[in-house]
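The values are calculated or read from the model by the stated rules, or taken from the named source; none is laboratory data. These numbers come from a predicted model, not from an experiment. Here the Cβ is made from the backbone with ideal geometry for all residues, glycine too, and neighbour counts use every protein chain on show. Side chains are part of the model used for accessible areas, which takes the heavy atoms of the whole protein and leaves out ligands, DNA and RNA. Shrake-Rupley method; radii C 1.70, N 1.55, O 1.52, S 1.80 Å.
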Amino acid sequence: MIAPAQSLVIVGSGLAAWTLVREFRKLDAQTPITLITRDNGDFYSKPMLSNALSSGKTAAQLVSATSAAMAQQLGVTVMAKTDVTAIDPVAYSVTTALGPVTYSRLVLALGADPVRLPLQGDAADRVISVNDLQDYATFRAQLEGAKRVTVIGAGLIGCEFANDLVQAGYEVDVIDPGTHPLGRLLPLEAGQQMQQALAHAGVRFHFGNSVQAVLAAPQGLQVELANGQRLASDLVLSAVGLRPRIALAKAAGLQTARGIVVNRQLQTSQTDIYALGDVAEVEGLLLPYVMPMMQSARTLAAHLAGQPATLRYPAMPVVVKTPAMPVVVSPPLANAQGSWQVNAFSDGVDARFVGLDGTLLGFALAGKATGQKTVLQKSLPAVLA
Ligand SMILES: Cc1cc2nc3c(=O)[nH]c(=O)nc-3n(C[C@H](O)[C@H](O)[C@H](O)COP(=O)(O)OP(=O)(O)OC[C@H]3O[C@@H](n4cnc5c(N)ncnc54)[C@H](O)[C@@H]3O)c2cc1C
């Protein structure tokens, strides 16, 4: 397929791709846009995947606009169920099963793949992850008749699923090698309060432990832990992190690190190729959340429309969707020097990461203390000034 002379081709149809289209169309109604996506292109809010079960939502109910409706509304050609298998930066084209598609500018909004742990056992391949609508449909189908769910990983996504699952009436075991929930985001005291609240709601935590094997059992599955314990389970859900989909870019010779390396105009090392969302790494930062993606989409839209634009990240706290213990966290940057000052009370924790000169560099608020979010957010330095 030969695209028109000035054509924007976007690979992907997640929040990053569709947000970019929306923002770009506000500035440019004319340039032809082709969106090529491996899935069906429907628009949905991915964060709802981890809290939709208890409200009884099906995958179809999470779709807020179909691909066809989005295409019509925004004047976009959508090539759905179409995998991009290669990029040719010299010929300005991408390879698909339907033939090559040429671009004048290309945006890679490819997202990230769930990390798969190397597990042993004859049922290891029955472990699932939920990272898109199709996964969510599979998850719901496999929960039919199930009672017991094992969640691998007590990070943000693992805890959200655990809370949602207990709320929906399932027995839930969560396994994690760390010491407390959200180990990389929360100081111990805040993590412990969260653990207590989720445990009170019914979640059984197994910290300092890991899953070694998943075995088929006469009824359901056996999950074998490093300490030898075996848990009976009907479904095992893995939530141990995401890895940006960089293979396509790497094969095309684009600079990659943990993600596809981009500058503050979201430009890759290759002229006229950009990356956005979970797949993009900006100045060493991988921030796989909605707010950074929206900032990036606005910047890229302006840049593509010919306006001067430089990506800036203000402080962007993340709200953890665990109703048993609401948490808001704005972690300090990885190289931040300072210490946590923690004030724990009966119904919440106010933890602030304070720099050596006394400035606020991050926070973690749990329970009642989440009310402090707006005030504290204003005092935080920008993540990318
Ligand atoms: C369960 C869950 C809960 C979350 N909750 C929150 C939250 O509460 N708050 C928050 O800020 N963030 C949250 N996040 C993170 C947030 O949802 C993501 O940062 C965001 O949705 C990523 O959007 P994306 O468009 O970059 O990637 P994706 O949504 O993964 O989209 C990638 C797209 O690329 C397509 N694609 C990939 N490879 C190819 C190829 N080779 N050819 C064609 N198409 C391809 C895919 O089909 C897909 O359409 C959550 C994530 C998950 C998984």
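General remarks:
- Single residue of Ala80, Ala52, Ala59 found to be closer than 30 Å to Ala201 by Cβ, at pLDDT 95 or above, near the ligand (Cβ under 10 Å from one of its atoms) and of a type in the set (A, V, I, L, M, F, W, C): Ala52
- Of all the residues in segment 299-333, those that are assigned to a loop (DSSP other than H, G, I, E, B) and away from the ligand (no atom under 16 Å from the Cβ) number 9.
- Of all residues in segment 299-315 being surrounded by fewer than 18 Cβ atoms within 10 Å (Cβ to Cβ) and of a type outside the set (Val, Ile, Thr), the one that is nearest to Met194 (Cα to Cα): Pro314
- Taking each residue of segment 52-64 that is touching a residue at least 24 places away in the same chain (Cβ under 8 Å) and looking for partners that are part of a strand (DSSP E or B) with beta-carbon atoms closer than 9 Å, six or more apart or interchain, yields Ala59/Tyr44; Leu62/Tyr44; Val63/Phe43; Val63/Tyr44.
- Those strands (runs of 3 or more DSSP E) of segment 182-298 in which 2 or more residues are open to solvent by less than 40 Å² (accessible area, probe 1.4 Å) and touching a Ser or Thr at 6+ places or on another chain (Cβ under 7 Å) occupy 221-225, 230-233, 235-238, 260-262, 273-275.
- Thr19 vs. criteria assigned by TED's automatic domain parsing to the domain that holds Met291, at negative phi and more than 17 Å from the chain's Cα centre (by Cα): no
- Cβ pairs under 6 Å, 6+ apart, first in segment 9-28 and under 15 Å from Ala305 (Cβ atoms), second basic (Lys, Arg) and more than 8 Å from the ligand (Cβ to nearest atom): Glu23/Arg298
- With respect to (1) among the aliphatic types (A, V, I, L, M); (2) within 19 Å of the chain's Cα centre (by Cα); (3) open to solvent by less than 40 Å² (accessible area, probe 1.4 Å), the lone exception for Val84 is condition (2).
- Residue pairs whose Cβ atoms lie under 6 Å apart, separated by 6 or more positions or on different chains, with the first residue in segment 300-321 and over 18 Å from Leu182 (Cβ atoms) and the second assigned to a helix (DSSP H, G or I) and of a type in the set (Asp, Glu), are Ala301/Glu23.
- Candidate set from segment 340-352 (those that are assigned to a strand (DSSP E or B) and loosely packed, with under 14 Cβ neighbours inside 10 Å); member that is modelled with the lowest pLDDT: Phe345
- Residue count for segment 89-110 under the criterion of being open to solvent by 20 Å² or more (accessible area, probe 1.4 Å), within 11 Å of the ligand (Cβ to nearest atom) and not in a strand (DSSP E or B): the result is 2.
- Within segment 353-375, the set of residues being surrounded by fewer than 22 Cβ atoms within 10 Å (Cβ to Cβ) and closer than 23 Å to Ala324 by Cα comprises Gly367, Lys368, Thr370, Gly371, Gln372, Lys373, Thr374.
- Single residue of segment 133-179 satisfying the filter (open to solvent by 50 Å² or more (accessible area, probe 1.4 Å) and charged (D, E, K, R)) that is farthest from the ligand (Cβ to nearest atom): Lys147
- Some residue of segment 64-73 being away from the ligand (no atom under 16 Å from the Cβ) and outside any helix (DSSP H, G or I): no
- Residue list for segment 21-47, filter: open to solvent by 50 Å² or more (accessible area, probe 1.4 Å) and either within 8 Å of the ligand (Cβ to nearest atom) or of a type in the set (Asp, Glu) (or both): Arg38, Asp39, Lys46
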